[in-house]
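The values are calculated or read from the model by the stated rules, or taken from the named source; none is laboratory data. No experiment lies behind these values; they were computed from the predicted model shown. Here the Cβ positions follow ideal geometry from the backbone for every residue, glycine too, while neighbour counts run over all protein chains shown. These accessible areas exclude ligands, DNA and RNA; they are computed on the full protein's heavy atoms, side chains included. Shrake-Rupley method; radii C 1.70, N 1.55, O 1.52, S 1.80 Å.
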Amino acid sequence: MSDDDRAGLAAEYVLGTLDADERDEAVALIDSDPAFAALVTAWERRLSELHAMVDPVTPPAEIWVALRARLPDDPAAALVPPPVPAAAPAIAPVAESAPPPGLASAPTDAIV
């Protein structure tokens, strides 16, 4: 990974814009690579100044109400995956048939 890629990964980690796999990669690098951990710390310092420059904004009450309505009564329940069915239903094989009118089938010798 190039120095630019490492710096970008560290910055995106601090911003919170990584997907789960990238975040896991960054956490592993923080734990195993002191130079990468230092990059993350440097980005945290740089970006914390921006945080200090912005006044907090309280969202309107209707937004909080809408968010609460979308959450389960027990937030921990949202972390439990749904049960997996014991056996997948069998899929019936598709019978071979002629192509619909107007559609010519490709000759098999033309497939490379």
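Of the residues in the stretch 46-60, how many are within 19 Å of GLY8 (Cβ to Cβ) and open to solvent by 100 Å² or more (accessible area, probe 1.4 Å)?
Here is the first cut: in the stretch 46-60, the residues within 19 Å of GLY8 (Cβ to Cβ) are 46-48, 50.
Narrowing further to those that are open to solvent by 100 Å² or more (accessible area, probe 1.4 Å): 46.
The number of residues fulfilling the criteria is 1.
I'm trying to understand the selection: among the residues of the stretch 17-26, which are out of contact with any Leu (no Cβ under 8 Å at 6 or more places or on another chain) and open to solvent by 60 Å² or more (accessible area, probe 1.4 Å)? Talk me through it step by step, then tell me what you get.
Of all residues in the stretch 17-26, those out of contact with any Leu (no Cβ under 8 Å at 6 or more places or on another chain) come to 17, 19-21, 23-24.
THR17, ASP19, ASP21, ARG23, ASP24, listed by residue number.
I need the full set of residues from the stretch 1-11 which are open to solvent by 80 Å² or more (accessible area, probe 1.4 Å) and either under 17 Å from ARG46 (Cβ atoms) or part of a loop (DSSP other than H, G, I, E, B) (or both), in order please.
At the first step, the residues of the stretch 1-11 found to be open to solvent by 80 Å² or more (accessible area, probe 1.4 Å) are 1, 3-5.
Listed by number, the residues that qualify are MET1, ASP3, ASP4.
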